[in-house]
Amino acid sequence: MKISYNWLKEYVPLTATPEEVAEVLPMLGLEVEEVEKLGLPPFQNLVVGEVLSREQHPDADRLGVCMVKTSPDEEPRQIVCGATNYKVGDRILVALPGCVLPGDFEIKVGKLRGVESHGMMCSAKELGLGDDHSGLLILEQRPEIGMPINEVFSGGDTVFEIELTANRGDCLSHIGVARDLAAYFGLSVKLPPVEGYAPEGEQLISAVEVTTPDCPYYTAWSIRGVKIAPSPAWLKERIEAVGLRPINNVVDVTNYVLMETGQPLHAFDAKKIKGGKLIVRQAADGEKITTLDEKARTLDSGMMVIADAERPLVVAGVMGSLDAEVDDATTDIVLESAWFRPGSVRGTARKLNLSTDSSYRFARDVDPAGVDLWGRRALELILSLAGGELTGARITHGEPPRGDREIAITGDYVREVCGYRPSDEDIIKVFTRLGFTVRGSEGEYTVTVPSFRPEVDRPIDLVEEFVRVNGTANIPAAAVSVHGLHREDAPLAAFNHRAQDLLSARGYHECCHYSLVDGDVLTKWESAEAESVLSLANPLTSEMSHLRASLIPGLLNALRLNRSHGNAPRRFFETGRVFKSEKGALKEMASVAFVLAVDEPERAWKTPEAPDFYAAKALVEEVAALLGANAVGWKLADGLSLWQNGHAATATGKASLAAGLLSIDLLKANDLDGLVLAGEIVFAPERLKGGASKPAAFQPFSDFPGTERDLALVVDATEPAEAVRAALDKAARKVVGKAFSVDAVRVFDVYQGKGLEEGKKSLALSLKFRADDRTLKDKEVNDAFEKIQRSMVQAGYSLRS
C-alpha cells in the first residue's frame with residue numbers, strides 16, 4: 001500500500017522529515033518496503049531562459065545557434081541546439097555549465113561542429129519530467145528569466161510503500177497511518193469535517209433488498225444532476241501519488257476517500273439500475289458478469305453480488321461491472337457504502353484471481369463505523385466537485401456488526417508484563433494518544449477501544465499497544481537475569497540434529513514448510529474423520545485451513561518447484577511436527593521424512609545405480625536406529641493413500657515407519673512425472689527419554705578371526721525374511737550364551753521353484769561367530785551350530801537339505 005507524505009500532513013502536523021518517518025514506521029509495526037521520491041530532485045545551475053534569436057549552424061543542417069537570456073543581469077549565452085519545436089521569444093529551461101542532469105550527465109562549455117556552446121536547452125525527458133523527447137520543454141506560463149527550476153516546479157512528494165500484517169486493517173488508509181504517527185510523536189489528528197445530511201424528495205431507487213448474511217450493513221445515497229468532468233488538479237495529484245489513474249470526478253472521489261479513510265465505496269449510474277432497486281444476494285452458479293477491467297467472469301453461489309432486477313452489477317467488495325459504471329453521460333448516481341464479511345470477500349477475490357484495493361481492505365475488516373461517516377465524506381466531495389443535489393433519505397439495511405468495546409486493565413498488570421515500571425500517567429497518556437478513552441483511578445482502569453481497532457480486545461493487546469507506541473528505546477537499561485540452561489539438548493532436538501546430519505551427509509537437502517495446509521489437498525489423502533479433526537476453527541486463509549498429517553506432500557511441492565526452475569536438487573528431507581487423528585482426538589507427533597526422484601540421474605561421467613525400494617527402506621532403518629526403534633515386521637503397504645500398492649512397506653513399534661514408491665495419483669496431483677521414492681518415520685515425542693545421554697563406551701575389536709556357517713530354511717512364501725532372520729539371531733544368541741559371540745546373522749539368498757512345495761520358499765542365511773580371547777575351534781562351533789538347527793526345527797522351521 002502506498003502512503004503519500006504530503007497527504008499525511010493534511011491530518012497530522014508532521015515536522016519530522018520523510019527520512020525520519022521512514023525510520024519510525026517499522027517501529028510501529030508498519031514495515032516500509034520502499035521509499036519513492038516524486039517530483040524533481042534539487043538541481044544546481046538549471047534555470048529559465050528566453051530565446052532571443054536563432055541562426056542556422058554553418059556546418060550542420062539540423063542544428064541551430066541560439067542566443068539565450070538566462071539572467072536579467074548577464075549577457076545572453078550562445079547555445080547550440082538540435083530541437084525545432086521552439087521559436088524566438090519562448091521561455092525554456094537551460095542547463096548551465098556545472099549542472100548535473102539525471103544519469104550523472106554534467107554540462108560543460110564545448111564545441112558542436114566547431115561552434116562554441118555555453119549550456120544546453122532541455123526537453124522534459126532529459127529532466128525527468130515526462131517521456132517527451134521530441135523537443136524542448138516550452139514553459140507556457142512564462143516564469144521569470146533566471147528562476148531556478150525547483151521554484152518553477154515546486155512541490156514534490158515522498159511515497160512510502162508499506163507492508164501490513166493482516167490484523168492492521170485500520171492502517172490501510174492515510175488517516176489510519178496518521179493516527180499511529182500522531183500517537184508516536186505526541187501530536188493531534190485532524191480529521192476532515194463531515195456534514196450531516198437530511199435531504200428531502202424521492203430517492204433514485206425504491207429499495208435495497210439484502211438476502212445474504214454476508215452483508216449485515218448496507219447504505220445507499222441518491223444524488224441527482226451531477227456533471228461528469230475531469231477532476232481538479234489537487235485531486236489528480238493525490239490519487240496519482242499512490243498509483244491510481246484519474247478517471248472522472250465522481251469515480252476519483254470514491255478512490256480518494258478509499259485511500260484517505262480505508263472505506264471502499266461504489267458509485268452506480270442510477271439510470272442503468274433495472275427495476276429501480278438494488279439486491280444484495282449470492283450469485284447463481286454459472287452467472288456471468290463483465291467487470292470494469294473488461295473481463296468476462298463466471299460466478300458461483302459462494303460469491304456475493306450487488307444486482308438489479310435483471311443482472312449482477314457488482315462483485316460485492318471486489319469490482320463493479322461495465323453495466324452500471326459511471327461514464328460521461330451519467331447525470332444521476334447512487335452511492336454505496338457498506339460492510340461485507342471479510343471471509344466472503346477474501347474467498348471471492350481468490351476464486352476470481354482478482355485482488356483490488358477494495359477487496360484488500362474488506363478482507364482485513366474495515367471499520368463498520370466508517371460506513372456512514374465516510375460515505376457522507378464522499379457525498380460532500382461529489383457535491384462540491386460534480387454538483388448535483390442529494391435527494392431522498394439514505395437507504396439503510398442492517399446495522400454496524402460491531403462497535404466500541406471496553407477492556408478492564410490495571411497499571412500493575414502493564415508493569416508486570418513489561419518488566420519495568422512505567423507510571424500510570426504514562427500508560428494513560430499513550431492510550432489516549434491512540435484514540436482510546438480511559439476511565440478509572442487508583443490503578444484500575446476501563447479502556448474504551450474504538451471500532452476501527454478490532455484486533456485490540458484483551459488486556460495483553462493493550463500492553464502491546466503501550467510498548468509499541470511508547471517505544472522500545474524508552475525501556476530502561478537493566479541487568480539481564482536468566483536461569484542457567486542445561487547443557488544437554490531436549491531429546492527431540494538432539495534426535496532431529498542427528499537425523500539432519502545423517503540425511504545431509506547422504507546428499508539430501510533440508511526443507512522447512514508451514515505446518516498448515518490446504519484442506520482441499522488434505523481431503524484427497526486423509527479420511528473424512530481425520531479431515532474434520534485436523535481443520536482449524538478460524539483459519540486465516542483457505543490455503544492454511546488444516547494441520548498437516550504428513551511431511552511428504554510438502555517435500556513433493558519442493559521437488560516440483562525445483563524441477564520447474566531447472567534446479568539440480570532431487571533429494572529432500574524435513575524434520576517437524578505432524579498431526580494425527582486417533583479415535584477422533586487430535587494428537588501431535590514428531591516426524592522425519594524424505595523424498596528421492598528415481599528417474600532423474602545427475603549428469604556425470606559414470607551413471608550411478610538407480611535407487612530402489614531397498615535403498616529407501618535401508619535409509620529409514622538408519623534414521624530409526626538413531627531413535628532406538630529397531631525396524632522389524634515390515635509389511636507390504638496396500639490401500640494406504642500416499643503409497644503405491646505392492647511397492648511400499650510399513651512397520652510399527654516404537655515408531656511408525658514407511659518406505660517405498662509414492663502413489664502415482666499423488667505424484668500426478670503434484671504435477672510430477674516419473675517415480676519418486678520416499679521414507680517416513682512418525683513417533684510420539686514423549687517416547688524419547690529425557691536426561692543426559694550416556695557417553696558411548698569403546699568396544700575393542702577382537703584380534704581373532706571369525707567363523708561362518710550357512711543354514712537354509714524352508715518357510716512359507718508369505719513369511720517376511722526379516723522375521724526368519726530375527727528368529728535365527730535370537731536362537732543363535734541363546735545357544736551360544738557367553739561362550740563366544742554371534743557377530744551377525746544375514747540373509748544372502750532366496751529361492752522358490754523346483755524342489756520346493758508350492759507356497760514355500762528357501763532362505764539361505766549366514767551366521768558369523770567370534771571369540772574375543774581365542775580362535776574358535778571347529779568342534780565348539782559345530783556343536784553350537786547343531787543346537788541352533790535343532791532349536792529352529794523345534795520352532796517350526798524346516799531344514800533344506
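The values are calculated or read from the model by the stated rules, or taken from the named source; none is laboratory data. Since this is a predicted model, take the numbers as computed values, not measurements. Cβ sites come from the backbone with ideal geometry, for glycine too, and all protein chains shown count toward neighbours. Calculation scope for accessible area: heavy atoms of the full protein, side chains included, ligands and nucleic acids excluded. Shrake-Rupley method; radii C 1.70, N 1.55, O 1.52, S 1.80 Å.
Among 750-761, 327-338, what's the highest-first ranking by average C-beta atoms within 10 angstrom per residue? Don't jump to the answer; show the numbers that get you there.
On the way: 750-761: 11.2, 327-338: 19.8.
Highest-to-lowest ranking by the protection proxy: 327-338, 750-761.
For segment 122-273, with equal point scatterers placed on the C-alpha atoms only and solvent neglected, what are the log10 I(q)/I(0) values from the Debye formula at q = 0.11 1/Å, to two decimals?
Taken in order of the listed q values, log10 I(q)/I(0) reads -0.72.
How high is the relative contact order of the chain, in percent, with contacts defined as C-alpha pairs under 8 Å that are six or more residues apart?
8
Return one whole number: the accessible area per residue of segment 108-178 in Å², for a 1.4 Å probe.
On the way: 3410 Å² over 71 residues.
Computed with neighbouring chains in place, this is 48 Å² per residue.
If you roll a 1.4 Å probe over the heavy atoms of the protein chains, what accessible area per residue do you get for segment 461-613, in Å²?
Numbers: 9150 Å² over 153 residues.
Solvent-accessible surface per residue comes out at 60 Å².
Ordered by packing density, taken as the mean number of other Cβ atoms within 10 Å over each peptide's residues, highest first, how do 439-448, 283-292 rank?
On the way: 439-448: 13.9, 283-292: 15.9.
The most tightly packed comes first, giving 283-292, 439-448.
Evaluate the relative contact order of segment 409-559 (contact order divided by residue number), counting alpha-carbon pairs under 8 angstrom at least 6 apart; express in whole percent.
Values: 106 pairs, mean separation 22.1, N = 151.
Value for segment 409-559: 15 percent.
For the Cα atoms of the chain, what angle does the longest principal axis make with the long axis of helix 613-627, in degrees from 0 to 90, nearest 10?
With both axes taken from Cα atoms, the answer is about 90 degrees.
Within straight cross-link reach of Lys108, meaning Cα distance under 20 Å, which lysines are found once same-chain residues fewer than 8 apart are removed?
Candidates past the 8-residue exclusion: Lys69, Lys125.
What number does segment 743-785 give for Rg over Rh if you use C-alpha atoms and the Kirkwood radius?
Details: Rg = 15.2 Å, Rh = 12.9 Å.
Rg/Rh for segment 743-785 comes to 1.18.
Report, to the nearest whole %, how much of the accessible area of the chain belongs to carbon and sulfur atoms, 1.4 Å probe, protein only.
Values: 20190 of 41080 Å².
The computed percentage sits at 49.
Can you pull out the GluC sites (Glu not before Pro) in segment 129-172 whose DSSP state is coil and whose Cβ has at most 13 other Cβ atoms within 10 Å?
Numbers: sites: Glu140, Glu144, Glu151, Glu161, Glu163; in loops: Glu140, Glu144.
Passing both the DSSP loop test and the Cβ count: Glu140, Glu144.
Need one number for the chain: average projected area of the convex hull over its C-alpha atoms, nm². Walk me through the numbers on the way to the answer.
Values: hull surface 225.6 nm².
About 56.4 nm², averaged over all directions.
Could you pull out the chymotrypsin sites (Phe, Trp or Tyr not before Pro) across segment 527-625 that fall in loop regions by DSSP (anything but H, G, I, E, B) with no more than 14 other Cβ atoms inside 10 Å? The partial results should precede the final answer.
Working: sites: Phe572, Phe573, Phe579, Phe594, Trp605, Phe613, Tyr614; in loops: Trp605.
Of the chymotrypsin sites (Phe, Trp or Tyr not before Pro), the ones in loops of segment 527-625 whose Cβ has at most 14 other Cβ atoms within 10 Å are Trp605.
Show which aspartates and glutamates lie in cross-link reach of Lys761 when reach means a straight Cα distance below 20 angstrom and same-chain residues fewer than eight apart are skipped.
Asp710, Asp716, Glu719, Glu722, Asp729, Asp749
Taking 0.36 nm per residue of sequence separation and subtracting the Cα-Cα distance, how much length would be gained by fully extending the chain between Gln78 and Asp300, in nm to one decimal?
Details: separation 222, 0.36 × 222 = 79.92 nm, distance 7.09 nm.
This chain segment gains 72.8 nm when fully extended.
Using a 7 Å offset from the Cα along the Cα-to-Cβ direction at both His133 and Thr472, what is the distance between the two label points in nm, to one decimal?
The modelled label-to-label distance comes out at 4.7 nm.
Compute the FRET efficiency between Glu543 and Glu510 as 1/(1 + (r/R0)^6), taking r as their Cβ-Cβ distance and R0 = 30 Å, and round to the nearest 0.05. Present the calculation step by step, with values, prior to reporting the outcome.
Working: r = 23 Å, r/R0 = 0.76.
It comes to 0.85.
With the Cα gyration tensor of segment 666-801 in hand, give its eigenvalues times 5 under a square root as the equivalent ellipsoid semi-axes, listed largest first in whole angstrom. The partial results should precede the final answer.
Details: eigenvalues 227, 158, 42 Å².
That gives 34, 28, 14 Å for the three semi-axes.
Filter the cross-link list Lys734/Lys768; Lys635/Lys768; Lys271/Lys351; Lys9/Lys37 down to pairs whose alpha-carbon distance in this structure exceeds 20 Å.
Long pairs (Cα-Cα over 20 Å): Lys635/Lys768; Lys271/Lys351.
Points 7 angstrom from Cα along the Cβ direction at Ala712 and Cys418: gap in nanometres?
Between Ala712 and Cys418, the simple spin-label model gives 8.6 nm.
Just the number please: accessible area per residue for segment 633-775, 1.4 Å probe, all protein chains included, in Å². Could you put the intermediate results ahead of the total?
Numbers: 8250 Å² over 143 residues.
Value returned for segment 633-775: 58 Å² of accessible area per residue.
Kindly identify segment 526-631 as rounded, prolate or oblate by the Cα gyration tensor criterion: order the square roots of the eigenvalues as a ≥ b ≥ c, call it rounded if a/c is under 1.5, otherwise compare a/b with b/c, prolate if a/b is larger, else oblate.
On the way: a/c = 3.13, a/b = 1.55, b/c = 2.02.
It is oblate, given that a/c is not under 1.5 and a/b is not larger than b/c.
Which whole-number percentage describes the relative contact order of segment 67-126, with Cα contacts under 8 Å and a sequence gap of 6 or more? Walk me through the numbers before you get to the answer.
Details: 79 pairs, mean separation 20.3, N = 60.
Relative contact order for segment 67-126 comes out at 34 percent.
Once you have the Kirkwood Rh of segment 53-172 from its Cα pairs, apply Stokes-Einstein at 20 °C and 1.002 mPa s and quote D in µm²/s. Let's see the in-between values first.
Numbers: Rh = 16.6 Å.
In µm²/s, the coefficient rounds to 129.
Can you compute the helix-only [θ] at 222 nm over the chain? Use -39500 (n - 2.57) per DSSP H run of at least 4 residues, normalise by all residues, nearest 500 deg cm²/dmol. Mind dumping the intermediate values first?
Details: 20 runs with 209 residues, N = 801.
Using -39500 (n - 2.57) per qualifying helix, the result is -8000 deg cm²/dmol.
Placing +1 at every Lys and Arg Cβ and -1 at every Asp and Glu Cβ, with all other atoms neutral, what dipole size does the chain have around its Cα centre, in debye to the nearest 20?
Working: 90 positive and 117 negative charges, 619 e Å.
Its charge dipole is roughly 2980 debye.
Report the calculated FRET efficiency for Gln752 and Ser481 (r = Cβ-Cβ distance, R0 = 56 Å), to the nearest 0.05. Please report the intermediate quantities before stating the final value.
On the way: r = 71 Å, r/R0 = 1.27.
In this case the efficiency is close to 0.20.
Can you give the Rg and Dmax of segment 505-544 based on its C-alpha atoms, in angstrom?
Calculated on Cα positions, Rg and Dmax stand at 13.6, 41 Å.
Please report, in cubic angstrom per residue, the volume enclosed by the convex hull of the alpha-carbon atoms of segment 475-584.
Working: hull volume 25.7 nm³, N = 110.
Hull volume over Cα atoms, normalised by residue count, gives 233 Å³.
Specify the angular offset, from 0 to 90 degrees and rounded to the nearest 10, of the alpha carbon long axis of helix 459-470 from the longest principal axis of the alpha carbons in the chain.
Roughly 60 degrees between the two axes.
From the phi of every residue in segment 521-533, what ³J(HN,Hα) in whole Hz does the Karplus formula 6.51 cos²θ - 1.76 cosθ + 1.60 yield, where θ is phi - 60° and glycine or proline is x?
Along segment 521-533, the couplings run 6, 4, 5, 6, 10, 10, 6, 4, 5, 5, 4, 5, 5 Hz.
Mind checking Rg over Rh on segment 1-115, alpha carbons, Kirkwood formula for Rh? Each step should come with its number before you reach the end.
On the way: Rg = 21.6 Å, Rh = 18.0 Å.
With Rg and the Kirkwood Rh in hand, the quotient comes to 1.20.
Using +1 at the C-beta of Lys and Arg and -1 at the C-beta of Asp and Glu, which of Leu373, Leu101, Val521 has the Cα lying farthest in the positive direction of the dipole of the chain?
The listed residue farthest towards the positive side: Val521.
Would you mind putting 108-121, 354-367 in packing order, based on average other-beta-carbon counts within 10 Å, highest first? Mind showing how you got there, number by number?
Working: 108-121: 16.0, 354-367: 22.1.
Averaged packing, sorted descending, gives the order 354-367, 108-121.
With angles folded into 0 to 90 degrees, how steeply does helix 342-352 sit against the dominant principal axis of the chain? Use alpha carbons for both and round to 10.
The helix 342-352 is inclined about 80 degrees to the chain.
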